[in-house]
Amino acid sequence: MNNTNRSLHNAVGFPNLFTIKLHHNGRFTRFPDRAYVEGDCNFIDLLDEDKFFVHELDCIVDKFGLPSDIERYYHFLVPGENLDFG
C-alpha cells in the first residue's frame, strides 16, 4: 500500500483508536488554494482518543528527529475540508 494514499481509519473493533497523517519538514503555500509542500508524510496508527494529548504529539514529532529547541505549531485539517477553511 502506498503510504501517501492510505486512508485514515478506525481500528476494527476498537472505535476509540485512530490514525493521524503527519506532515512535517515542509511549508504551507499562500491563501487561496493553500497546500503543504516540500515535506515528509508519515502515518501514526493506534492512537487512543481518550489518552491522546499534545505532549504525545510532541513525543511522536521528537522521534522523527525534528528540533525540540524551537517553538512548534500544530495545525489540523478537518476530514473532507481543504486547508483554506478546514
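Assorted remarks:
- Pick from the range 53-74, criterion in contact (Cβ under 8 Å) with a residue 24 or more places away in the chain and in a loop (DSSP other than H, G, I, E, B), ranking: surrounded by the fewest Cβ atoms within 10 Å (Cβ to Cβ): Phe64
- Flag if Gly86 is more than 13 Å from the chain's Cα centre (by Cα) and closer than 30 Å to Gly13 by Cβ: yes
- Tabulated pairs, the range 15-30, first surrounded by 12 or more Cβ atoms within 10 Å (Cβ to Cβ), second among the polar types (S, T, N, Q) and part of a strand (DSSP E or B), C-beta under 7 angstrom, 6+ apart or interchain: Leu22/Asn42
- Of note, Ile44 satisfies the criterion of being modelled with pLDDT of 90 or more and hydrophobic (A, V, I, L, M, F, W, C).
The values are calculated or read from the model by the stated rules, or taken from the named source; none is laboratory data. Worth saying up front: this structure is predicted, and the values here are computed from it rather than measured. Cβ coordinates were reconstructed from backbone atoms using ideal geometry, including for glycine residues, and neighbour counts include every protein chain displayed.
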